[in-house]
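Data block below; observations after.
The values are calculated or read from the model by the stated rules, or taken from the named source; none is laboratory data. Every value quoted in this text rests on a predicted model; they were computed, and no experiment measured them. Please note: Cβ atoms are built from the backbone with ideal geometry, for glycine as well, and neighbour counts cover all protein chains shown.
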Amino acid sequence: MLKADKRVIVDSVGRAPIPTKILVVDDDPIFRRVTGAYLEKQGYRVYQADNGLSALEQLRAHVPDLVLCDLAMPILDGIEFAEEVSIQYPSLPLIVVSATDEMSDVAKALRYGIKDFLAKPITDFRHLSEAIESTLRETFDNNANPRDFASEWFRVDGGGEMPDEQELHWHLQYLQQHPNAARDLLRALAPERESQLGSWQCSYRLLQPADIMPLVFDYRWLASGQYLFYLVDSNSAKGDAAATSLLIRALFDDYVRHLRSGAADLRELLDVIEKGMHCSESAGQVNALIGVGDLPRGTMAMLPAGLDSQWSVGDQRQVISGGYALGDGCLDNPIYTELELGSKAILSLSDVGQTNFALTIRQTETPS
């Protein structure tokens, strides 16, 4: 079994320690030189690449324990590099160090499973050391359950436990101090408008003003044939809206990763999310809705948590009453089960101010 500390990976059978290897990918030679020198003084073995393509070629020769990567690079930029790493080396932890202030770039990097994001210039290299140590520790302690950046912000585990003293508050403080950046980040995290699994296709429409905290929607296709989704009206949050929405995203993603049977349970998922919210000083009650579609059976189950909505199949309409908000005991709300999908079903929101949202689930004639 391997254990990781600040500088070395130590073999538990007593062999000589193996220096932890870090690949620094940046087109700025000064940054590479300064950062490399600092890391070598810390006891790491450092490799360097000046663009994403060169870094991929190095990875084929030797895979490091961790990668530091810029976003703005020639030939193959950081986003493209992070995407390739997530596909070819899914267990390799990657930390982004970049001067970008574009939240859409940060959001794209989040979707490719980066472990942390540090802003340039690095004025205190202790922050870099802390990020590296935390990421290495998390990687070696949880190889079977890799986590993404949002989970790292909150140190989430499968049971919703989240000690307050372990939260990375400085990330959240930045979003609190920059509300425009928080709105941009939440909007940029929106998933693809259309997706399909087999003969089932799902698409959504979302229209809302640019000056309010957005409605946050995300979904996952599960191997069990389920379509799992959630909606969070971040504008309704009784606390920090960005922190609340990102925490829910982290808990949602961790729940999906920790599924053992491959099938999601609505009450179990809501229990995990509410426990996580109660452990955080940053998160507050918020209106939400979570649903699980059982596509092989052609049914949908939904648990409302403060958001009123309507389910439509053909001429049939059913009102879904919001009830208690998420974080306020929403498990006491009724679950709407066995909602028929038919050949086409539409979920629409009926009370979120100026926001217009509709999710359409339809069965195509032939599987793609």
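Among the residues of region 266-308, those identified as assigned to a loop (DSSP other than H, G, I, E, B), among the small types (Gly, Ala, Ser) and buried (at least 21 other Cβ atoms within 10 Å of the Cβ) are Ser280, Ser282, Ala283. Within the span defined as region 232-244, one or more residues are under 16 Å from the mean Cα position of the chain (by Cα) and within 30 Å of Ser343 (Cα to Cα). Close contacts from region 50-68, counting a first residue that is in the same structural domain as Ala82 (by TED's automatic domain parsing) and under 19 Å from Val34 (Cβ atoms) and a second that is surrounded by 21 or more Cβ atoms within 10 Å (Cβ to Cβ) and of a type in the set (D, E, K, R), with Cβ to Cβ under 8 Å and a gap of 6+ residues or different chains, come to Asp50/Asp26; Leu68/Asp26.
Restricting the first member to region 268-287 and to residues that are closer than 12 Å to Ala243 by Cβ and in the same structural domain as Tyr230 (by TED's automatic domain parsing), and the second to residues that are of a type in the set (Phe, Trp, Tyr) and surrounded by 19 or more Cβ atoms within 10 Å (Cβ to Cβ), the beta-carbon pairs closer than 7 Å and six or more apart or on different chains are Ser280/Phe154. Taken over region 221-245, residues that are closer than 27 Å to Leu175 by Cα and either surrounded by fewer than 18 Cβ atoms within 10 Å (Cβ to Cβ) or β-branched (Val, Ile, Thr) (or both) amount to 4.
Checking each residue in region 126-140 for being of a type outside the set (S, T, N, Q), farther than 15 Å from Pro90 by Cα and free of Cβ contacts under 8 Å to residues at least 60 places away in the same chain picks out Arg126, His127, Glu130, Ala131.
Quick grid of which residues meet (1) in the same structural domain as Asp254 (by TED's automatic domain parsing); (2) within 18 Å of the chain's Cα centre (by Cα); (3) in contact (Cβ under 8 Å) with a residue 12 or more places away in the chain:
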residue	(1), (2), (3)
Ala72	no, no, yes
Leu76	no, no, yes
Ile79	no, yes, yes
Val85	no, yes, yes
Ser91	no, yes, yes
Lys108	no, yes, yes
Tyr112	no, yes, yes
Lys115	no, yes, yes
Asp124	no, no, no
